[in-house]
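Asker: My questions will all concern the structure given below.
The values are calculated or read from the model by the stated rules, or taken from the named source; none is laboratory data. Not measured: the values here are computed from a predicted model. Reconstructed Cβ throughout: ideal geometry from the backbone, glycine too, with neighbour counts over all protein chains shown.
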């Protein structure tokens, strides 16, 4: 069974009833966009959860817009949407877009294009490892390594292992920027930093080999690859 999930991840930090209303509004406005959400009663709960997996969009009260949270929490998301603001405004902080909404229901349409743009390229894979499951963005997987009956996922968050075949992952993910460069390695082209002879240098400072039989296909795919945005 394919465990690749497509969708934008949204975190809502608010009281239960208010969160319910906002999620309903999002569902109506984003009816043609795949997304999932998680509700947090407190910002501390979100802070703990985001250590394991980032969210694309964070929604919370403007009262929580404090300088100490901007670099540590808010910039982990692509879009931070503050509600109960005095007026509608938009600004950039590092690579994160901050949106301030006075009336969530009436003003959400003003930023729909940003939310839909953020949803592009948001694909996740559900890894089952050591009795637990976790979602990893495909773009955060540097490469997949085959070791006997197991696959090792080398990711931004560490290395995770599960049973599987590289052939299966190659077939499912080739349209998402993954290419087989060796009988034991499936590479995410977003991770390529440089090519040196028969090796690929990756953005995580590792290098993996390119086999002679895979080299032509690798170069051909790399030249035509167009990565999605880096959010």
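Asker: Does residue 11 count as modelled with pLDDT of 95 or more and either surrounded by fewer than 15 Cβ atoms within 10 Å (Cβ to Cβ) or within 25 Å of residue 94 (Cβ to Cβ) (or both)?
Answerer: yes
Asker: Can you say whether residue 144 is in contact with a strand residue (DSSP E or B) (Cβ under 9 Å, 6 or more places away or on another chain) and assigned by TED's automatic domain parsing to the domain that holds residue 189, as far as the supplied structure shows?
Answerer: Yes.
Asker: Next question. Looking at 93, 100, can you tell me which residue is at pLDDT below 95 and in the same structural domain as residue 22 (by TED's automatic domain parsing)?
Answerer: 93 is the lone residue from the list that is at pLDDT below 95 and in the same structural domain as residue 22 (by TED's automatic domain parsing).
Asker: In the stretch 106-127, which residue that is over 16 Å from the mean Cα position of the chain (by Cα) and loosely packed, with under 14 Cβ neighbours inside 10 Å is farthest from residue 19 (Cα to Cα)?
Answerer: Taking the candidates together, the pick is 113.
Asker: Checking residue 153 against (1) closer than 17 Å to residue 50 by Cα; (2) surrounded by 20 or more Cβ atoms within 10 Å (Cβ to Cβ), only one condition comes out false. Which one?
Answerer: Every condition holds for residue 153 apart from (1).
Asker: Also: Given the structure, is residue 73 touching a residue at least 24 places away in the same chain (Cβ under 8 Å) and surrounded by 14 or more Cβ atoms within 10 Å (Cβ to Cβ)?
Answerer: yes
Asker: Oh, and also: Restricting attention to the stretch 89-105, which residues are in contact with a helix residue (DSSP H, G or I) (Cβ under 7 Å, 6 or more places away or on another chain) and surrounded by 15 or more Cβ atoms within 10 Å (Cβ to Cβ)?
Answerer: Scanning the stretch 89-105 gives 96, 97, 99, 100, 101, 104.
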